[in-house]
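Visitor: Got a structure for you, written out below as structure tokens; questions coming shortly.
The values are calculated or read from the model by the stated rules, or taken from the named source; none is laboratory data. All of these numbers come straight from a predicted model, not from anything done at the bench. Cβ: placed from backbone, ideal geometry, glycine included. Neighbour counts: every protein chain shown.
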Amino acid sequence: MPAITVEDTLTLPRIAEPDPASTATRPVLSVTSAPSGFEGEGFPVRRAFAGVDRTLLDPFVHMDQMGEVEYAPGEAKGTGWHPHRGFETVTYMIDGTFRHRDSIGGGGLITNGDTQWMTAGSGILHIERPPEELVASGGLFHGIQLWVNLPKAEKMTAPRYQDIGAGKVALLSTADGGALVRLIAGDLAGVAGPGATHSPMTMVHATVSRGAKLVLPWRQDFNALVYVLAGRGSAGESGQPIHSGQLAVFGEGDTIRVDADLTQESRSPDLDVLVLGGRPIREPVFAYGPFVMNTKDEIAQAFEDFHAGRLGTIPTG
Ligand code: MN
């Protein structure tokens, strides 16, 4: 799993292990398995949040693990032009390349470890595709797309596009050096990640060596979700088993704990997890298709505005 990596985690700043006497490890509320589906022109995804109560996900709305898939030459797929309103999309590419273009002139390539943060706000059109040369060659494709809600007061904010290059990700390690912690957005243990978010949140991709543990201090006012990208392990003090394609939802407390099993499959020697948390918005959510609003009427208005060209137009050339 390339993303961004280092030769030796022992050279990285360490996250001090929280004192168990004065901190509460968050309990595991549920573990769910992400069903498989298809997105866009037919690229395979796993719906990471399927079957989970929306109030436990808040401020997150939806997450797809894109791939992991090895495309044959000519097979790689993306999306056509489509609109969004009312939230932010975060695309994190672990392996492979996506080319983004949008109706506000944003765009670029995101590849191995890069993140793209798009605030749809009042409305945007965009397209995401592998570049032509990679469609021709085929190859490995693996990433995450996360939808982060916006509060009612910010749903109609101006659209914005941010590229977060892999080199900007803050790299940390755990107390014993057993895990590589990539801080993509938000704060963790007094370190600030590069992503600027409307809704306060933290996003981490951690690679936990077999037999090692990941203990992270976590803001009490944030929710806590761990999605397994690869490998096997356990979540919480209770050691609830988790494996690739599963989401663990944690309850209240101030630390998150995940352990990597000592034995892993040879194709993924480590446990790779995405750790997410944010401050719940606690407003009614009405999500339909590419829009995330507060009411059904606002969804109808979004469709009307889209068809009238008010969410933007496809750039020419
Ligand atoms: Mn989209």
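Visitor: Can you go through VAL6, VAL31 and tell me which one is assigned to a loop (DSSP other than H, G, I, E, B), among the β-branched types (Val, Ile, Thr), surrounded by fewer than 21 Cβ atoms within 10 Å (Cβ to Cβ) and away from the ligand (no atom under 14 Å from the Cβ)?
Guide: Checking each option against the conditions leaves just VAL6.
Visitor: Quick one: what pairs do we get from segment 27-52, first residue farther than 29 Å from VAL215 by Cα, second β-branched (Val, Ile, Thr) and part of a loop (DSSP other than H, G, I, E, B), C-beta under 9 Å, 6+ apart or different chains?
Guide: Sorted first by the residue in segment 27-52, then by its partner, the pairs are GLU39/THR79; GLY40/THR79; GLU41/THR79; PHE43/THR79.
Visitor: I'd like the residue in segment 104-140 that is in a strand (DSSP E or B), closer than 20 Å to GLY167 by Cβ and out of contact with any Ser or Thr (no Cβ under 9 Å at 6 or more places or on another chain) and, out of all such residues, is farthest from the ligand (Cβ to nearest atom).
Guide: The qualifying residue farthest from the ligand (Cβ to nearest atom) is GLY108.
Visitor: Something else: Being surrounded by fewer than 22 Cβ atoms within 10 Å (Cβ to Cβ) and within 13 Å of the ligand (Cβ to nearest atom) is the filter here; which residues of segment 77-98 pass it?
Guide: Result: GLY78, THR79, GLY80, TRP81, HIS82, PRO83, THR89, THR91.
Visitor: Taking ALA153 as meeting all but one of (1) without any contact (Cβ under 8 Å) to a residue 60 or more places away in the chain; (2) surrounded by fewer than 23 Cβ atoms within 10 Å (Cβ to Cβ); (3) part of a strand (DSSP E or B), write down the number of the exception.
Guide: ALA153 satisfies every listed condition except (3).
Visitor: Here's something else I'd like to know. Kindly evaluate ILE127 against the criterion of being among the hydrophobic types (A, V, I, L, M, F, W, C) and closer than 19 Å to GLU75 by Cα.
Guide: yes
Visitor: Within 11 Å of the ligand (Cβ to nearest atom) and not in a helix (DSSP H, G or I), is that true of GLN65?
Guide: No.
Visitor: Follow-up. Among the residues of segment 99-136, write down those that are of a type in the set (Ser, Thr, Tyr), surrounded by fewer than 22 Cβ atoms within 10 Å (Cβ to Cβ) and within 18 Å of the chain's Cα centre (by Cα).
Guide: Of everything in segment 99-136, just one residue is of a type in the set (Ser, Thr, Tyr), surrounded by fewer than 22 Cβ atoms within 10 Å (Cβ to Cβ) and within 18 Å of the chain's Cα centre (by Cα), namely THR111.
Visitor: Also: Which residues, taken from segment 188-209, are touching a Pro at 6+ places or on another chain (Cβ under 7 Å), part of a loop (DSSP other than H, G, I, E, B) and surrounded by 18 or more Cβ atoms within 10 Å (Cβ to Cβ)?
Guide: SER199
Visitor: Sticking with this structure for a sec: Tell me which residues, restricted to segment 219-239, are closer than 15 Å to THR202 by Cα and either small (Gly, Ala, Ser) or touching a Lys or Arg at 6+ places or on another chain (Cβ under 7 Å) (or both).
Guide: Those that are closer than 15 Å to THR202 by Cα and either small (Gly, Ala, Ser) or touching a Lys or Arg at 6+ places or on another chain (Cβ under 7 Å) (or both): ASP221, PHE222, ALA224.
Table: residues versus (1) among the aromatic types (Phe, Trp, Tyr); (2) closer than 22 Å to SER199 by Cα; (3) out of contact with any Pro (no Cβ under 6 Å at 6 or more places or on another chain).
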| residue | (1), (2), (3) |
| --- | --- |
| ALA76 | no, no, no |
| PRO83 | no, yes, no |
| THR89 | no, yes, yes |
| GLY96 | no, no, yes |
| ARG99 | no, no, no |
| ILE110 | no, no, yes |
| GLU132 | no, no, yes |
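Visitor: If you check PHE43, PHE49, which single one turns out to be at pLDDT below 90 and under 30 Å from SER266 (Cα atoms)?
Guide: PHE43
Visitor: Also, quick follow-up: For GLY74, only one of the following conditions fails: (1) surrounded by 21 or more Cβ atoms within 10 Å (Cβ to Cβ); (2) more than 20 Å from the chain's Cα centre (by Cα); (3) assigned to a loop (DSSP other than H, G, I, E, B). What is its number?
Guide: For GLY74, the failing item is (1).
Visitor: Right, something else. What about ALA224, is it under 30 Å from SER122 (Cα atoms), crowded, with 24+ Cβ neighbours inside 10 Å and at pLDDT 95 or above?
Guide: Yes.
Visitor: It is to be established whether one or more residues within segment 278-291 are within 16 Å of the ligand (Cβ to nearest atom) and hydroxyl-bearing (Ser, Thr, Tyr).
Guide: yes
One line per residue, one yes/no per condition, for (1) hydrophobic (A, V, I, L, M, F, W, C); (2) more than 25 Å from VAL169 (Cβ to Cβ); (3) at pLDDT 90 or above:
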| site | (1), (2), (3) |
| --- | --- |
| LYS77 | no, yes, no |
| ARG85 | no, yes, yes |
| VAL90 | yes, no, yes |
| GLY107 | no, no, no |
| THR119 | no, no, yes |
| ILE124 | yes, no, yes |
| PRO131 | no, no, no |
| ALA136 | yes, yes, no |
| LEU150 | yes, no, yes |
